[in-house]
1. Kindly list, by first and then second residue, each pair from a residue in the range 34-55 that is under 16 Å from A67 (Cα atoms) to a residue that is in a loop (DSSP other than H, G, I, E, B), limited to pairs with Cβ atoms under 7 Å and residues at least 6 apart or on different chains.
2. For the range 42-64, which positions are over 16 Å from S108 (Cα atoms), touching a helix residue (DSSP H, G or I) at 6+ places or on another chain (Cβ under 6 Å) and not hydrophobic (A, V, I, L, M, F, W, C)?
3. Could you check the range 206-270 for helices (runs of 4 or more DSSP H) lying wholly inside it with 2 or more residues that are closer than 20 Å to A182 by Cβ, of a type in the set (D, E, K, R) and at pLDDT 95 or above?
4. Give R233, R259 a once-over and let me know the one that is in contact (Cβ under 8 Å) with a residue 24 or more places away in the chain, in contact with a Gly (Cβ under 6 Å, 6 or more places away or on another chain), surrounded by 14 or more Cβ atoms within 10 Å (Cβ to Cβ) and not polar (S, T, N, Q).
5. Going through the range 206-215 one residue at a time, which ones are over 16 Å from F76 (Cβ atoms) and either within 16 Å of the chain's Cα centre (by Cα) or of a type in the set (K, R) (or both)?
6. (1) touching a residue at least 40 places away in the same chain (Cβ under 8 Å); (2) surrounded by fewer than 19 Cβ atoms within 10 Å (Cβ to Cβ): which one isn't true of D102, the others all being true?
7. Could you grab me the full set of residues in the range 20-77 that are at pLDDT below 90, hydroxyl-bearing (S, T, Y) and assigned to a helix (DSSP H, G or I)?
8. Sort out which residues of the range 224-256 are within 30 Å of T25 (Cβ to Cβ) and of a type in the set (A, V, I, L, M, F, W, C), and write them in order of number.
Amino acid sequence: MTDPSKPAVARAAAGSAIARALRYTLRVPWLLWHVLVMLPLTVLLITPLTAGLQVGGMRLEERLIRAWSRGLLRVFGFRIVRIGAPLEVATMFVANHVTWADIVLLHSQKMMGFVAKREIASWPVVGWMAARAQTIFHQRGNTESLGGVLQAMLARLRGGHSVGVFPEGRTRDGTQVGPFHARIFLAAVESGAPVQPVALRYGPGGDAQARVAFQPGEHFLGNFLRLLGEPARRVEVHFLAPILASDVEGRRGIAECARERIVAAMAQPD
């Protein structure tokens, strides 16, 4: 007996494939323009001669990197909605980690030197931008590397510069926020800098987290190309109430409090 639902399913699949092809047709030239024209232009404008220039109360380099990051997210159809605001003082920003776009998303809002896995340095486009944005690269599983990272974070916070961290240590499948590693918060404790949790939600109410996240066996390029063909969707950046070392007990207390605030924000209705 013929299943009457099969033609409808086939038509829906065909329609989805056509829509994806159309998105690639529109976005690939836009991506090439953004990478081959706007990126070199941004590089040319970021020079030692322009390093000290201020535009609208913001360093020119920071303004350019934020603008380029927003442009890249628009290429992928991400519509950014910000809730709350990042602190202006030297801060440790901590966020849940879903995909490579998290770094670009946060840089579109605030310049912060990220702690990220060393492999990101070799990623096309994103790796270059991460390096220009003062990323601190860490070799996973290397205790000596982690010690150097903590020292670099401490120096930056004491020098008046913000840093960004994904305390889960790796991306997840989008269905949950993993445990936060407490050791990374040592730099905030020793510098006295505030910690500001940031919740990243893809899609209304975070309903696209699992879709945007890396799929099983999917690497950077595969995720990059897949997301390029995805429908346009909203992405929310929730800057939550900051935490001071004096508010909680030690680095573990900060880690638990930061995670609780992010999990609560992720659970909020749209």
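The values are calculated or read from the model by the stated rules, or taken from the named source; none is laboratory data. Treat the numbers as computed from the prediction; the structure is a model and nothing was measured. For neighbour counting, all protein chains shown are included, and Cβ atoms are generated from backbone atoms with ideal geometry for every residue, glycine included.
1. Correct list of pairs: V35/V125.
2. Passing the criteria: only T50.
3. Counting at least 2 such residues, we get 250-266.
4. Going through R233, R259 in turn, just one is in contact (Cβ under 8 Å) with a residue 24 or more places away in the chain, in contact with a Gly (Cβ under 6 Å, 6 or more places away or on another chain), surrounded by 14 or more Cβ atoms within 10 Å (Cβ to Cβ) and not polar (S, T, N, Q): R233.
5. Those that are over 16 Å from F76 (Cβ atoms) and either within 16 Å of the chain's Cα centre (by Cα) or of a type in the set (K, R) (or both): G206, A210.
6. Failed condition: (2).
7. Within the range 20-77, T42 is the sole residue that qualifies.
8. Within the range 224-256, F224, L225, L227, L228, A232, V235, V237 meet the criteria.
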